[in-house]
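Single-structure report; data block below.
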Amino acid sequence: MTGNNKIEEKVLLVAVEFNNQDTKDSLIELEELVKTAGGTTIEKITQNRESIHPTTYVGKGKLNEIREKVLALDITTVVCDDELSPAQLRNLEEALEVKVIDRTTIILDIFAQRAQTKEGIIQVELAQLQYRLTRLVGLGKSLSRLGGGIGTRGPGEKKLETDRRHIRNTISQLSKELKDIKKHRELIREQRKKKKIPVIAIVGYTNAGKSTLLNRLTQADVLEEDKLFATLDPTTRMLELPSGQQVFLTDTVGFIRKLPHHLINAFQGTLEEVRYADIILHVVDSSNHQAQKHIHVVYETLNDLKALDKPIITVYNKQDALDENLILKDFKAQKEVSISALKEEGIAYLLEAIEDILKQQSKQIEKIIPYNEGNILNTIRTYGQIEVEEYKNEGVYIKAYLPVEIYEKVNRI
């Protein structure tokens, strides 16, 4: 027992290596996920196979080895690195006689812990119920054994023990609530659009430093923690660029390899912020030796979200902890910038890159604004990047870059 009267979960990780896939890094990440969820990894077991066993995930011999480890090390939970089918889950539970969960369940569990807003809580519960609904047959005896801990947070044991009809009704109700929230989000998005203020979405692999960057740029006071999925609920803040132009910065949930489709579906409303953004800031943990693979995962997710048509600035973060031998390159990005959000190094270059992209999306205006048109001057200062502002006898001489719609309005004067 631990100090807070919770049973410590002693976890054994299992992975199948097939198609020449290296499971080492995936298991390291899975161990970090387990740690974030509140468990302690005691042992890791890997099996090389041509494919995952359709009924037991691993082969018979390896299953016996796992059973021996479970008994010898007093393991309470076995976590598989891939998504398990109902049959695999049932067969593993019966063979090992301990709680068995998969990578998807771990991620959903962490999300259940992290969700703070009403929208986040509903999204997580919906994803968990959708995922577990298809696995009720496979859960079998495990429902009575899941007394708490990893994999049991969120909708809870009682809901899972009810029949499918009740769960489907709950899913239907949650989906309706999310639709109402989505309408509210769309209304807010329309209000931003009317203000003609560009939106920049911050994306990246989990724990890349997105929240730290948002805090440094906007003093947003978002939780910064060296854990996977430290923040879940999106945050939007206003940023004034050096030119005086204002933009909205929106932080999004971190991506991860094998991100459950149930999560992508449930978080569609939140992730749509990426699709409607004018620029994407892709934050990369440049100190992680898996950074190049993380870049690939992020692009796969952006493709799923149909958001690859946006200008992308790749931000190589954590330069203060960088291995000098690690060379990173993102050929899909319009611009690449190296920074340390923690030490506030390179921020000026990042802001310059943002302004350069916005210039490409704007039109240049060179005009004298009469002194009695102060409202027009304020519009230019709010929405444009001013390069020259000089006071002359007949008015204020302005040379600036403006969004197309603002340009048309100002140029008519």
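The values are calculated or read from the model by the stated rules, or taken from the named source; none is laboratory data. The shown structure was predicted, so the numbers you read here are calculated from the model rather than taken from an experiment. Positions of Cβ are backbone-derived with ideal geometry, glycine not excepted, and every protein chain shown enters the neighbour counts.
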The stretch 202-211, residues that are surrounded by 24 or more Cβ atoms within 10 Å (Cβ to Cβ) and either outside the structural domain of residue 242 (by TED's automatic domain parsing) or at negative phi (or both): 202, 203, 205, 206, 208, 210
Go through the stretch 338-370 and report how many residues are surrounded by fewer than 20 Cβ atoms within 10 Å (Cβ to Cβ) and either assigned to a strand (DSSP E or B) or more than 24 Å from the chain's Cα centre (by Cα) (or both). 17
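With 84, 73, 108 as the choices, which residue is in contact with a Gly (Cβ under 8 Å, 6 or more places away or on another chain), farther than 14 Å from residue 14 by Cα and not assigned by TED's automatic domain parsing to the domain that holds residue 294? Reasoning before the result, please.
Working: 84 fails: farther than 14 Å from residue 14 by Cα; 73 fails: in contact with a Gly (Cβ under 8 Å, 6 or more places away or on another chain).
Among 84, 73, 108, only 108 is in contact with a Gly (Cβ under 8 Å, 6 or more places away or on another chain), farther than 14 Å from residue 14 by Cα and not assigned by TED's automatic domain parsing to the domain that holds residue 294.
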Do any strands (runs of 3 or more DSSP E) entirely within the stretch 29-113 hold 1 or more residues that are buried (at least 18 other Cβ atoms within 10 Å of the Cβ) and among the polar types (S, T, N, Q), and if so, which? 40-48, 77-80
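Does residue 390 satisfy the criteria of being among the charged types (D, E, K, R), at pLDDT below 90 and surrounded by fewer than 15 Cβ atoms within 10 Å (Cβ to Cβ)? Quick ask: steps written out before the conclusion?
Details: among the charged types (D, E, K, R): yes; at pLDDT below 90: no; surrounded by fewer than 15 Cβ atoms within 10 Å (Cβ to Cβ): yes.
The answer is no for residue 390.
Give me the helices (runs of 4 or more DSSP H) completely within the stretch 115-222, filtered to those with at least 3 residues that are at pLDDT 90 or above, ordered by residue number.
Numbers: elements: 118-133, 136-139, 142-145, 157-161, 164-194, 210-218.
Helices (runs of 4 or more DSSP H) meeting the threshold: 164-194, 210-218.
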Being farther than 12 Å from residue 310 by Cβ and more than 17 Å from the chain's Cα centre (by Cα) is the filter here; which residues of the stretch 191-205 pass it? 191, 192, 193, 194, 195, 196, 197
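Scanning the stretch 308-321 for residues that are surrounded by fewer than 21 Cβ atoms within 10 Å (Cβ to Cβ) and out of contact with any Phe, Trp or Tyr (no Cβ under 8 Å at 6 or more places or on another chain), which turns out modelled with the highest pLDDT? Steps first, answer last, please.
At the first step, the residues of the stretch 308-321 found to be surrounded by fewer than 21 Cβ atoms within 10 Å (Cβ to Cβ) are 308-311, 319-321.
Adding the requirement that they be out of contact with any Phe, Trp or Tyr (no Cβ under 8 Å at 6 or more places or on another chain) leaves 309-311, 319-321.
Details: 309: 91, 310: 92, 311: 95, 319: 91, 320: 87, 321: 83.
Among them, the one singled out is 311.
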When you go through (1) at pLDDT below 90; (2) closer than 19 Å to residue 24 by Cβ one by one for residue 106, which number turns out not to apply? (1)
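Being assigned by TED's automatic domain parsing to the domain that holds residue 261, in a loop (DSSP other than H, G, I, E, B) and closer than 16 Å to residue 205 by Cα narrows it down to one of 306, 329, so name that one. Before the answer, list the steps.
On the way: 306 fails: closer than 16 Å to residue 205 by Cα.
From the options 306, 329, the qualifying one is 329.
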Selection within the stretch 274-285 - buried (at least 22 other Cβ atoms within 10 Å of the Cβ) and not aliphatic (A, V, I, L, M): 282
Among (1) surrounded by 15 or more Cβ atoms within 10 Å (Cβ to Cβ); (2) closer than 16 Å to residue 241 by Cα; (3) more than 30 Å from the chain's Cα centre (by Cα); (4) not acidic (Asp, Glu), the one test that residue 376 misses: (2)
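A quick yes/no check of all residues on (1) modelled with pLDDT of 90 or more; (2) of a type in the set (D, E, K, R); (3) outside any helix (DSSP H, G or I):
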position: 236; (1), (2), (3): no, no, yes
position: 250; (1), (2), (3): no, no, yes
position: 257; (1), (2), (3): no, yes, yes
position: 265; (1), (2), (3): no, no, no
position: 270; (1), (2), (3): no, no, no
position: 273; (1), (2), (3): no, yes, no
position: 282; (1), (2), (3): yes, no, yes
